[in-house]
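The values are calculated or read from the model by the stated rules, or taken from the named source; none is laboratory data. Here the structure is a predicted model, which is why all the values come from computation and not from measurement. All Cβ positions, glycine included, derive from the backbone under ideal geometry; neighbour counts span all protein chains shown.
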Amino acid sequence: MKISAILLTSFSGALAFAPTFHVPKFPSSTSLSANIAVFGASGLTASECVYQALNNGDKVFGLTRNPSNLVIPKGSGGDKADQKLSNPNLTLIGGSATEAGDVAKIFEGNDIDGVVIALGGKTKDVGTTMLTDATKTILNAMKANGVKRVSVVTSIGAGDSKDQAPFMFKVLMATVMKNIFVDKNNQEELVKSSSDLEWCIVRPGGLTVEPPTGVINVIEGEAGSIARADVAQFCLDAITVDDFPYINKAPCISSVGGTSWVKDRSAKARDGME
Ligand SMILES: NC(=O)c1ccc[n+]([C@@H]2O[C@H](COP(=O)([O-])OP(=O)(O)OC[C@H]3O[C@@H](n4cnc5c(N)ncnc54)[C@H](OP(=O)(O)O)[C@@H]3O)[C@@H](O)[C@H]2O)c1
């Protein structure tokens, strides 16, 4: 576990009506390395977690149904973006996070220090209960293996953050995203009821594939957008920093001022995936 002094400074930018905090970048590169499990490893946010953790000198154990989809992410990857991501410190396993046997392969003999769950997908592709089923399977495996720390990416608007979603997003939540939000809310309830774990539910605003800004605001009002690369940093810090300030909390995070919902730019990033 890494140890870092954490400063919480009041942020008085465009979101002055909503209390916000700036979480500074932690000195990960100077800290001890960790063994990190990433579920949904080929995803756009998850691949940022994988890539950044490897760059920090950590060992990463990733699970995805389609390992060949894992590429260096656009946000942090710079001119290496979209190249195949391979590294001696990366173990990538093909399987489903809803299958206990596949999840067990991530934990067996790997001395995992912390877990990132960054699963997603359209319900028509992944099913209406995948997030909840997979999270239950992963949390059970954590408990069986004595692993305590987990960060779980859900969304602005999930659980008691419903009123923090911008108006247009609330409309989507009540219509085309209704099923996915039932699954996300159930997923969050499951995590929150795991009193024996140290969890952080990470609720990002609209996700982009931009380079990391290093600015991650925890927002109590309506949230704007955030680069997946910044979400990944927050998720990794949540499982590796001893005194992380949002343990057993569910912060909404955003990088930009204002409360607009920025159109998701992930379709472009997924071009070329199988
Ligand atoms: N788009 C937005 O603006 C926005 C805003 C806030 C929150 N979010 C949420 O943030 C999360 C991350 O989003 P993202 O766009 O970065 O994700 P993403 O690119 O859609 O990645 C999700 C990953 O989950 C994996 N997955 C799905 N079912 C799986 C299973 N059964 N077992 C193992 N892996 C599985 C998928 O890989 P395989 O299919 O290959 O397994 C995929 O790589 C999602 O929950 C999303 O709803 C999105």
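A few notes on this one:
- Residue within region 226-236 that is farther than 19 Å from Ile36 by Cα, in contact (Cβ under 8 Å) with a residue 24 or more places away in the chain and either part of a helix (DSSP H, G or I) or away from the ligand (no atom under 16 Å from the Cβ) (or both) present: no
- Pairs linking a residue in region 155-173 that is surrounded by 22 or more Cβ atoms within 10 Å (Cβ to Cβ) to a residue that is among the hydroxyl-bearing types (Ser, Thr, Tyr), with Cβ atoms under 9 Å and 6 or more positions apart or on different chains, are Ser155/Ser161; Ile156/Ser254; Ala165/Ser155.
- Taking region 44-102 as the range and being more than 9 Å from the ligand (Cβ to nearest atom) and of a type in the set (A, V, I, L, M) as the test, the residues that pass are Val50, Ala53, Leu54, Val60, Val71, Ile72, Ala81, Leu85, Leu90, Leu92, Ile93, Ala100.
- Residue in region 120-133 that is more than 10 Å from the ligand (Cβ to nearest atom), within 19 Å of Asp196 (Cα to Cα) and touching a residue at least 24 places away in the same chain (Cβ under 8 Å) present: yes
Each row is one residue, and each column tells you yes or no for (1) buried (at least 21 other Cβ atoms within 10 Å of the Cβ); (2) among the polar types (S, T, N, Q); (3) within 21 Å of Gly40 (Cα to Cα); (4) at pLDDT below 95.
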| site | (1), (2), (3), (4) |
| --- | --- |
| Ile201 | yes, no, yes, no |
| Thr213 | no, yes, no, yes |
| Val218 | yes, no, no, yes |
| Glu222 | yes, no, no, yes |
| Arg228 | yes, no, yes, no |
| Ala232 | yes, no, yes, no |
| Cys235 | yes, no, yes, no |
| Asn248 | no, yes, no, no |
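- Listed conditions (1) outside any strand (DSSP E or B); (2) touching a residue at least 60 places away in the same chain (Cβ under 8 Å); (3) among the hydrophobic types (A, V, I, L, M, F, W, C) are all met by Val116, apart from (1).
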